Amino acid sequence: MSAFATLTMTILFAASGAAFANGTLWFDYARKSEVSLSPPPVFSASAPSVSPSMHTGPDMRLPDRWTQATLDLIVKYQLNPLRAARVLAYVHAAMDDAMALSVRNGLPENVAIVSLHRAASATLGYLFPQEPQDKLEAMGFADIVAWKARAAIGGQQAQKAWLIGNQVTAAAIARARDDGADTTWNPNHRPKAAPHVWRATAPLWSYNPAEPMAGAWRTWNLRDGAETQPPQPVEFDSKDFWKEAEEVKAVANNLTVEQKRIAEEWNLDLGTVSPGGVWNKIALGIAEEEKLNLRDRLRLLATLDTAVADAFIVCWKAKYTWWTVRPISVIQEKLDPKFVSHILTPAFPSYPSGHATISGAASTVIGRFVPSRKTEVDRMAEEAAVSRLYGGIHFTSDNERGLDLGRSIGKLASERRLPKK
C-alpha cells in the first residue's frame, strides 16, 4: 500500500446484497473487505461562494479524463489486449459504482463526482503500481479540490463522497485480487504436437502461447467463460478447411491498398491502446455526438468494457479448448513454403478470432445503448473481423464465428446491465 494510504481505515460495506443482485452494481458490497485506504483529507467545513456564471452541474465529459489516463498507461506499459481490457473494465466499473452508490446514499450528482474521481484514481493507482508513488491518487485529489471549489461543495459532503469512493475502490481491489488474472499456467498441460494443434510461428517462434489461463478469469456479466461458447471449429484436413486455407493464401497474395490499411489499422497489438481501447474511443465519440448525460455515459462505458473483458475470457476459453493451428503453419507446410502473413501472427491458437469476438461484443453494447448508431458500429465490427483475414492470420470461420460469439456476449451484457429503453 502506498504512502498516501498509510493512514488506514478498514472499509465495511454498507450497501445491501439485493442492490448488487439486481445487476445495477458491478462490485460486491455485501461482504467485508480487508483492504485499507486513506481517510478523507480535512476539507473546509463550509461551501465556498460561487459566482452565478460558474458552471456547477455535472460535466458529462468527466469519464473521458480517466479513460484517456487509462489508455495512456496501457500504451506506456504495453499491456496485451486482454490485460488492457481487464484494466478498462475495473476503472469504468469503479466510476459507475461510485456515482450510483453516492446517489443511493443521498448525495446529489455534483457531489457524487468527488467519489467518481476518488474511485477512478485510487483504482488506477492499484492497477499500475509501477507508476511514481501516489501520482495517480494525487491526480484524483487535485481534481476533487478543483471540483469542490467549482461546484461549491461543503466539507462534510465532500468527506462522505470520498469515503464512498474508498468503499468502491476497496471492493474493486478485493475483486482484482481474486479474479484469477494472477494464476500461472503449467506448460505440461499443453496438448501433444499434432498437425491440427497450434505451434510456434515465424518470426517470433514463441513456444509458450499468450495468456493460456485467461479463459478461467472471473467474468463480469456472465456466469463464467463457459456460459456461451462457439461451435466446434471447421474439421482439420477437411475440404472446407483447405478451402479456407487457400482463401487466406489467395487474399494475402492479392491485397489491395484498402485491405492493407484495414489490416494495419485494426492490428492494435502491444504498445497501442489495444482493440478494447479503440472501442472506448468510438464509444466516447458517439457519447459526445449524442450528448449522453454523465450517468448514461458511465453506464455505457462500464457495460462496454466489462462486455469486452468477458468476450476475451470466453474467446480464450475456446482457444485453449481447441488449440487450433494458425493459417501460416498449414500454408507454409502444405501450400506455399514462402507464405508470409501481412501482419505478425500472434502467439496463441487461432479459433476463434479475438478481434472479431470483442468487436462483436462492443458494437452490440453500443448499438443497444444508442440504437440510431447500430448500423454504423456493426459495420465497424465487421471490418475489425475481416481485418484478420486481410492480415493473413485467421481463417474466415475464425472471424465469422468470433463475431457471432461476441454479439451473443454483448447481448447478454446489455440485457443484464443496461437500463431498459
Going through I113, I74 one at a time, which residue ends up being part of a helix (DSSP H, G or I), of a type in the set (A, V, I, L, M, F, W, C) and touching a Phe, Trp or Tyr at 6+ places or on another chain (Cβ under 6 Å)? I113
Report every pair of residues separated by at least 6 positions or lying on different chains whose Cβ atoms are under 9 Å apart, first residue within the stretch 164-193 and without any contact (Cβ under 8 Å) to a residue 24 or more places away in the chain, second of a type in the set (K, R). A193/R199
When residues of the stretch 129-154 are limited to those that are among the charged types (D, E, K, R) and outside any helix (DSSP H, G or I), the one nearest to I113 (Cα to Cα): D134
Starting from the stretch 296-314, keep only residues that are assigned to a helix (DSSP H, G or I), then list their pairs with residues that are hydroxyl-bearing (S, T, Y) whose Cβ atoms are within a distance under 6 Å, requiring at least 6 positions of separation or different chains. D310/T219; A311/T357; I313/T219
Within the stretch 350-365, identify whether any single residue is surrounded by fewer than 21 Cβ atoms within 10 Å (Cβ to Cβ), out of contact with any His (no Cβ under 7 Å at 6 or more places or on another chain) and either under 26 Å from Q68 (Cα atoms) or not acidic (D, E) (or both), and answer yes or no. no
Go through (1) over 21 Å from I282 (Cβ atoms); (2) at pLDDT 75 or above; (3) part of a loop (DSSP other than H, G, I, E, B); (4) of a type in the set (A, V, I, L, M) for L101 and report which single condition fails. (3)
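Condition check ((1) among the small types (G, A, S); (2) surrounded by fewer than 16 Cβ atoms within 10 Å (Cβ to Cβ); (3) under 19 Å from the mean Cα position of the chain (by Cα); (4) at pLDDT 95 or above) across all residues:
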position: T56; (1), (2), (3), (4): no, yes, no, no
position: T67; (1), (2), (3), (4): no, no, yes, yes
position: I74; (1), (2), (3), (4): no, no, yes, yes
position: L107; (1), (2), (3), (4): no, no, no, yes
position: S121; (1), (2), (3), (4): yes, no, yes, yes
position: Q133; (1), (2), (3), (4): no, yes, no, no
position: A149; (1), (2), (3), (4): yes, yes, no, no
position: G155; (1), (2), (3), (4): yes, no, no, no
position: K160; (1), (2), (3), (4): no, no, no, yes
Looking only at the stretch 181-191, decide whether some residue is more than 29 Å from the chain's Cα centre (by Cα) and of a type outside the set (G, A, S). yes
Within the stretch 337-361, considering residues that are more than 15 Å from N399 (Cβ to Cβ) and hydrophobic (A, V, I, L, M, F, W, C), the one farthest from the chain's Cα centre (by Cα): F339
Criterion (closer than 30 Å to L101 by Cβ, in a loop (DSSP other than H, G, I, E, B) and of a type in the set (A, V, I, L, M, F, W, C)) met by exactly one of W185, W220: W220
Output for the stretch 114-135, where each listed residue is touching a residue at least 40 places away in the same chain (Cβ under 8 Å) and of a type in the set (D, E, K, R): R118, E131, D134
Condition met for S414 (surrounded by fewer than 20 Cβ atoms within 10 Å (Cβ to Cβ), over 25 Å from R199 (Cα atoms) and small (G, A, S)): no
Checking R150, R218, R223 in turn, the sole residue that is out of contact with any strand residue (DSSP E or B) (no Cβ under 9 Å at 6 or more places or on another chain), more than 19 Å from P327 (Cα to Cα) and not assigned by TED's automatic domain parsing to the domain that holds K319 turns out to be R150
Do we have R199 as outside the structural domain of S329 (by TED's automatic domain parsing) and either surrounded by 12 or more Cβ atoms within 10 Å (Cβ to Cβ) or touching a residue at least 12 places away in the same chain (Cβ under 8 Å) (or both) here? no
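The values are calculated or read from the model by the stated rules, or taken from the named source; none is laboratory data. Nothing here was measured: the structure is a model prediction, and the numbers come from that model. Cβ atoms come from the backbone with ideal geometry, glycine included; neighbour counts cover every protein chain shown.
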